[in-house]
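Derivation of every value follows stated rules applied to the coordinates shown; laboratory data play no part. Small disclaimer: the values here were computed from a predicted structure and weren't measured. Here Cβ is always computed from backbone atoms with ideal geometry, including for glycine, and neighbour counts include all displayed protein chains.
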Amino acid sequence: MTTGSPIRAYPTDAQPRRPQPRRSRLRTFLPLGLAAWLVLEIWLLTVVAGATSGPVVLLILVAGFVLGGVVIKRAGRRAFQNLNEALQRGSAPRSGGGNGLMMLGGLLLMIPGLASDAIGLLLLLPPVQKAVSGFGERKLREAAGTPGTLGDAFQQARIHRPDGKVVQGEVIRDEQ
């Protein structure tokens, strides 16, 4: 009986084995970090439940979920208002305001767990938002200047020829 897949009696040495590509650090440590985060959240919930009671923990989780929903709704409204005002003025929306970080804080509040709630509440504070956004902007600027990253991608251009071929090129600005 055959299964449809060929069975080789002898290995073929004609095809050399290609080395496996290395996994990035993110792909290696992300599952471990998520597992550690979940263990921390469960441990904190059990500690608080032991110190108080189960209904108190449930009340904390429900309150975090409701507060997170309110924060996300408010930040979304503010971002939509900024966009509408910018469209009426005919200019780009003003940067800052921390709407993205407020939404992230609201999302962290909605995730069940006390550690995520604490980080979500921290992200709602304006000084923390300012520090995190400044750090993020610095890292983005550094990444944009490094070859082979986001900055290089913006400098690339594609020219579509009439025969359908794509010609890769690089944009060079001649500043005089």
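General observations
- Per DSSP, loop trypsin sites (Lys or Arg not before Pro) in the range 15-80 with at most 12 further Cβ within 10 Å: Arg17, Arg22, Arg23
- For the range 100-114, the Karplus equation 6.51 cos²θ - 1.76 cosθ + 1.60, evaluated at θ = phi - 60°, returns couplings of x, 5, 5, 5, 5, x, x, 5, 5, 5, 6, 6, x, x, 7 Hz by residue, with Gly and Pro reported as x.
- With all pairs of separate Cα atoms included, the range 45-115 yields a Kirkwood hydrodynamic radius of 13.9 Å.
- One chain, two ends: Val47 and Asn84. Fully extended at 0.36 nm per residue, the span grows by 8.7 nm beyond their Cα-Cα distance.
- Pairwise FRET efficiency - Leu122 versus Arg173, Cβ, R0 = 25 Å, nearest 0.05: 0.05
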